[in-house]
Amino acid sequence: MVSGPKLRRCYNEDVAYGYRVPKQFEYPDYSPDQLKNRQQQAALVCLVDAYRSVGHRATDLDPLHLQQQPSIPELNPARYGLSNMNEQFNIDGILEMSPKGGSKTASIAEIHQTLVDIYCGHVAFEFEHIPDTAERRWFADYIESTSNQSALDSDKKRRFHELLVRSEVSTSDLVK
């Protein structure tokens, strides 16, 4: 039996060769006022967390509507005791949406519609499996705060389509 040299990881100071050192990611924690608000609005926090964790299961991925959309009980506000849709809630530290007038309060109807638009639209976001809490919070804040921005104009859409078609053609030529 011939044995060659044993392969092992080679280290140079703090860097491992062949592996990428993960970047340190820091995101500010909740302020004391936000933590207090999260405790007071526990039912709303549960609803928002439900959309973040299972909202992707209700995503509208069938453009022809050939299959019936599944009913997911976790996404019903009444499950968390939020039955009055006109009740106003302070959303500071819970949800990063921009209600009308820039205030930090919104009704359950507005919050629910925002969550449906973000997590159950034509694009699904599934990020609760990310182990780093700071990264999860950053991702949630990013998609929730940019959800109401305007869509791309037609020139940019044409440009993206042109680039996609070119990439498809070049990949199909490489496969041949």
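The values are calculated or read from the model by the stated rules, or taken from the named source; none is laboratory data. Remember, predicted model here, so these are calculated numbers, not experimental data. Cβ sites come from the backbone with ideal geometry, for glycine too, and all protein chains shown count toward neighbours. Quick note on the areas: whole protein, heavy atoms, side chains included, nothing else; ligands and nucleic acids left out. Shrake-Rupley method; radii C 1.70, N 1.55, O 1.52, S 1.80 Å.
Taking segment 63-82 as the range and being on the phi < 0 side of the Ramachandran plot and open to solvent by 90 Å² or more (accessible area, probe 1.4 Å) as the test, the residues that pass are PRO63, LEU64, LEU66, GLN67, GLN68, SER71, ARG79.
Determine which member of the set ASP49, ASP60, ASP92, ASP33 is open to solvent by 80 Å² or more (accessible area, probe 1.4 Å) and either of a type outside the set (S, T, N, Q) or modelled with pLDDT under 90 (or both).
Just one listed residue meets the conditions, ASP33.
Looking at this structure, is SER145 touching a Pro at 6+ places or on another chain (Cβ under 9 Å) and of a type outside the set (Lys, Arg)? No.
Considering only residues in segment 131-148 that are of a type in the set (A, V, I, L, M) and under 17 Å from ASP29 (Cα atoms), the one that is least open to solvent (accessible area, probe 1.4 Å) turns out to be ALA140.
Of all the criteria given as (1) part of a strand (DSSP E or B); (2) over 30 Å from LEU35 (Cβ atoms), the one not satisfied by LEU61 is (1). Considering segment 95-123, the residues that are assigned to a helix (DSSP H, G or I), of a type in the set (A, V, I, L, M, F, W, C) and open to solvent by less than 20 Å² (accessible area, probe 1.4 Å) include one that is farthest from SER147 (Cα to Cα), namely ILE108. Of the residues making up segment 16-26, at least one is at pLDDT below 85, surrounded by 10 or more Cβ atoms within 10 Å (Cβ to Cβ) and not in a loop (DSSP other than H, G, I, E, B).
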